[in-house]
Amino acid sequence: MKIDNIKLKPGEREEKLKKIAEEKLHGKCAYLRILRKSLDARVKSDIRWVYSIEADRTVRGEQEKVFLQAKEKDRRVVVIGSGPAGLFCALRLIEHGFCPIVLERGGSVEERTEQNDRFFHGQPLDEDTNVQFGEGGAGTFSDGKLNTQTHTPLNRDVLDMFIRFGAPEEIAYLQKPHVGSDNLKNVVRNMRRHILHAGGEVHFHCRFEDIVFSGGRVVKAVARNTKTGERKDFTCDALVLAIGHSSRDTFRMLAEKGFAMEQREFAVGVRIEHLQEKINIAQYSAWHTLLPPADYKLVSHAGERSAFTFCMCPGGYVMPAASECGGVVTNGMSNYARDGRNANSALLVQIKKEDFDRGGVLDGAEFQRRIERAAFAAAGSSYAAPVQRAEDFLRQRKSVRFGEVLPTYAAGTCMCDINLLFPESVTSSLKAAISDMGKRLQGFDHPDALLTAPETRFSSPVRILRGENGESLSHAGVYPCGEGCGYSGGIMSSAADGLRVAEKIFEKYNA
Ligand SMILES: Cc1cc2nc3c(=O)[nH]c(=O)nc-3n(C[C@H](O)[C@H](O)[C@H](O)COP(=O)(O)OP(=O)(O)OC[C@H]3O[C@@H](n4cnc5c(N)ncnc54)[C@H](O)[C@@H]3O)c2cc1C
């Protein structure tokens, strides 16, 4: 029996669900599964958790999924990148009987954690192992939000796989699930172990640099060990490009090889931090101590261009997310507990082709790079990030002190006028949005709200075109996949695209 719309007060114990189920079943409840749990905070004086459950008087077992094996399972599939797209592609290929070979330019998640820590404490940036690059991809040092705008049955598979490899089971039913950076590292490590155990290969510090074709099909991926400089060739029948949105050198190589690619519009802006406690009070009123740290999602059309908040991290930290020397990039992360003092979110403005198009397919990446370099120079060329109080940003003057919100950006900050880093169309829209959003979320426009700049890697500035069969429109045997190739945005949809591409490869070799 499915029972919808069960409402519990914040703080009420979930055991009550069993009692409710037994009343409906007119008997003992031997099986209970939460299908959905969401928070209804529309009426602040009457906030409720809302559940849908499945209950039965007999015990139910889960049905094992059976995967068909590829007929030609000896086909070699090389997957470039071990972000969500690459990892989930490799995992699904294994289910279909392949032994994928994963090439990753960065280090393992353990090594990456140490390298990032060194970078945050003033050591040089490693252009292959950082917050964007390395095992687990860009989202490893993230909040691990698993939201998606796209509804596909693959989402269920992605969540099941996350749980199988160690994510909390609640992600299966929470309306806004998140894994947390601390758990994500574990999940990623477990996925790698599974790939190796199943006969696949994972090569770290292995940067894909060239591609060889013969008879109109891909036959080889050429990589270089970033530690030793040694070249390594991997023969392959299919090559999955799951390179993420920041691999600009790889985009350049692919463009020079004549890959069918096109420019994509994206967004740029800042991270904005507030005290989490104030966001809780604004969102939950009197219930705030009984509920999880509050989030928000806001859009404003008050300025010349629309602005929106994105990737809000309750109780989180602003992350130094550079991957190129001489550039500053920010992003956000939280641990599972989301227990940091500040809330942060990207506050972004849409960038149009006319802003960056000079006739080259990589012009968008160049536009992003110019902003990142301007921020680096403005903040003292040390990877410290430009920061400014909201009030000072609105008045176009450098801050001279922090207010109630202290920065969480680990690589150091420098008080600058952030207005000078972006085109006027961006800064005027940001200003209009801050004031406008303050009307809908109390305190969003607090004078001490802190801006850290720039957030430039919202999405990929290019798309690598693929056909219905999943293969590149220009190069047979190559499968563009995930966010970098323009087919997803965020962890969930990138992982789902990895599964989608694996199914295409399976279909091809199972025919
Ligand atoms: C700090 C941060 C926080 C984020 N928070 C969230 C969040 O909470 N929720 C959410 O949904 N999304 C979040 N995102 C975005 C999310 O991480 C990405 O959407 C997602 O990781 C994209 O997956 P992907 O596999 O397509 O690419 P990526 O995750 O970028 O993975 C690409 C991989 O390819 C490797 N690679 C690139 N070029 C080469 C090459 N030439 N040779 C070998 N390897 C190569 C890279 O090292 C990388 O590991 C966050 C991103 C960052 C940076």
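On full extension of the chain, what length is gained from GLN69 through GLU201, given 0.36 nm per residue of separation minus the C-alpha to C-alpha distance? Don't skip to the end; give the middle numbers.
Working: separation 132, 0.36 × 132 = 47.52 nm, distance 1.87 nm.
Full extension of this stretch gives 45.6 nm more.
Please work out how much length the chain gains when fully extended from ARG118 to SER425, using 0.36 nm per residue of separation minus the C-alpha to C-alpha distance, in nm with one decimal.
Details: separation 307, 0.36 × 307 = 110.52 nm, distance 3.64 nm.
Result for the pair: 106.9 nm of gain on full extension.
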Q | Largest-first ordering by accessible area, 1.4 Å probe, given options PHE393, PHE310 | A | PHE310, PHE393
Q: Could you pull out every one of the lysines with an alpha carbon less than 25 Å from that of LYS2, ignoring same-chain neighbours closer than 8 positions?
A: LYS16, LYS18, LYS19, LYS24, LYS28, LYS37, LYS65, LYS176
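Scale the Cα Rg of segment 244-292 by the rule-of-thumb value 2.2 N^0.38 Å and send over the ratio, two decimals. Show your work: numbers first, answer last.
On the way: Rg = 21.4 Å, N = 49, 2.2 N^0.38 = 9.7 Å.
Rg over 2.2 N^0.38 Å, computed on Cα atoms: 2.22.
Ordered by packing density, taken as the mean number of other Cβ atoms within 10 Å over each peptide's residues, highest first, how do 413-423, 358-368, 474-484 rank? Working shown, then result.
On the way: 413-423: 19.7, 358-368: 17.0, 474-484: 25.5.
For the peptides 413-423, 358-368, 474-484, the packing ranking is 474-484, 413-423, 358-368.
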Q. By accessible area of protein heavy atoms, probe 1.4 Å, what ranking do SER300, SER428, SER45 get, highest first?
A. SER45, SER428, SER300
Q. How large is the accessible surface per residue of the chain, computed with a 1.4 Å probe and reported in Å² as a whole number?
A. 42
Q: Give me the lysines in straight-line cross-link reach of LYS220: C-alpha distance below 16 Å, same-chain residues under 8 apart excluded.
A: LYS232, LYS257
Q | Packing-based order for 488-497, 181-190, 214-223, using average beta carbon neighbours within 10 Å, highest first | A | 488-497, 181-190, 214-223
Q. Taking one equal scatterer on every alpha-carbon of segment 162-256, how large is log10 of I(q)/I(0) by Debye at q = 0.17 1/Å?
A. -0.95
Q: Run the dipole for segment 265-455 about the Cα centre, Lys and Arg Cβ at +1, Asp and Glu Cβ at -1, nothing else charged, and hand back the magnitude in debye, nearest 20.
A: 220
Q.
Can you return the aspartates and glutamates within cross-link range of LYS398? Criterion is Cα-Cα under 14 Å, with same-chain partners fewer than 8 residues away left out.
A. ASP417, ASP448
Q.
Placing one identical point scatterer on every Cα of segment 101-140 and ignoring solvent, what is log10 I(q)/I(0) from the Debye formula at q = 0.30 Å⁻¹?
A. -1.00
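Stokes-Einstein D for the chain at 4 °C, 1.567 mPa s, Kirkwood Rh over Cα pairs, in µm²/s? Working shown, then result.
Working: Rh = 24.0 Å.
It diffuses with D of about 54 µm²/s by this estimate.
Rounded to the nearest 0.05, what FRET efficiency do CYS325 and PHE402 have when you use their Cβ-Cβ distance and R0 = 25 Å? Intermediate results must be reported in sequence, preceding the final value.
Working: r = 28 Å, r/R0 = 1.13.
Step by step, r from the Cβ atoms, then E = 0.30.
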**Q.** Restricting segment 67-144 to chymotrypsin sites (Phe, Trp or Tyr not before Pro) in coil, as DSSP defines it, with at most 12 other Cβ within 10 Å
**A.** PHE67
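Can you give the charge dipole size of the chain about its Cα centre, rounded to the nearest 20 debye, using +1 on the beta carbon of Lys and Arg and -1 on the beta carbon of Asp and Glu? If you can, show how the numbers build up before the last one.
Values: 71 positive and 67 negative charges, 175 e Å.
It comes to approximately 840 debye.
For segment 55-116, what ratio Rg/Rh do Cα atoms give with a Kirkwood hydrodynamic radius? Display every interim value, and only then the final one.
Details: Rg = 17.4 Å, Rh = 14.4 Å.
Checking Rg against Rh, the ratio lands at 1.21.
Kirkwood hydrodynamic radius (Cα pairs, Å) of segment 2-56? Intermediate results must be reported in sequence, preceding the final value.
On the way: mean 1/r = 0.0862 Å⁻¹.
About 11.6 Å, per the Kirkwood formula over Cα pairs.
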Q | Calculated SAXS-style log₁₀ I(q)/I(0) at q = 0.12, 0.15, 0.19 Å⁻¹ - segment 265-455, Debye, Cα scatterers | A | -0.53, -0.84, -1.32
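Using helices alone, what [θ] at 222 nm do you get for the chain, with -39,500 (n - 2.57) per DSSP H run of 4 or more residues, divided over all residues and rounded to the nearest 500? If you can, show how the numbers build up before the last one.
Numbers: 12 runs with 142 residues, N = 511.
When only DSSP H runs of four or more count, the value is -8500 deg cm²/dmol.
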Q) In Å, the Kirkwood hydrodynamic radius of segment 423-511 over pairs of distinct alpha carbons? A) 16.3
**Q.** With DNA, RNA and ligands ignored, accessible area of ASP40 (1.4 Å probe; Å², nearest 10)
**A.** 40
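Just the number, please: percent antiparallel of the DSSP beta bridges in the chain, rounded to the nearest 5.
75
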**Q.** segment 71-111: GluC sites (Glu not before Pro) in DSSP loop, at most 13 other beta carbons within 10 Å
**A.** GLU72
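The values are calculated or read from the model by the stated rules, or taken from the named source; none is laboratory data. Because the structure is predicted, anything quoted here is derived from the model rather than measured. In this analysis, Cβ positions are derived from the backbone assuming ideal geometry, glycine residues included, and neighbour counts consider all displayed protein chains. What goes into the accessible areas is simple: the full protein's heavy atoms, side chains included, and nothing from ligands, DNA or RNA. Shrake-Rupley method; radii C 1.70, N 1.55, O 1.52, S 1.80 Å.
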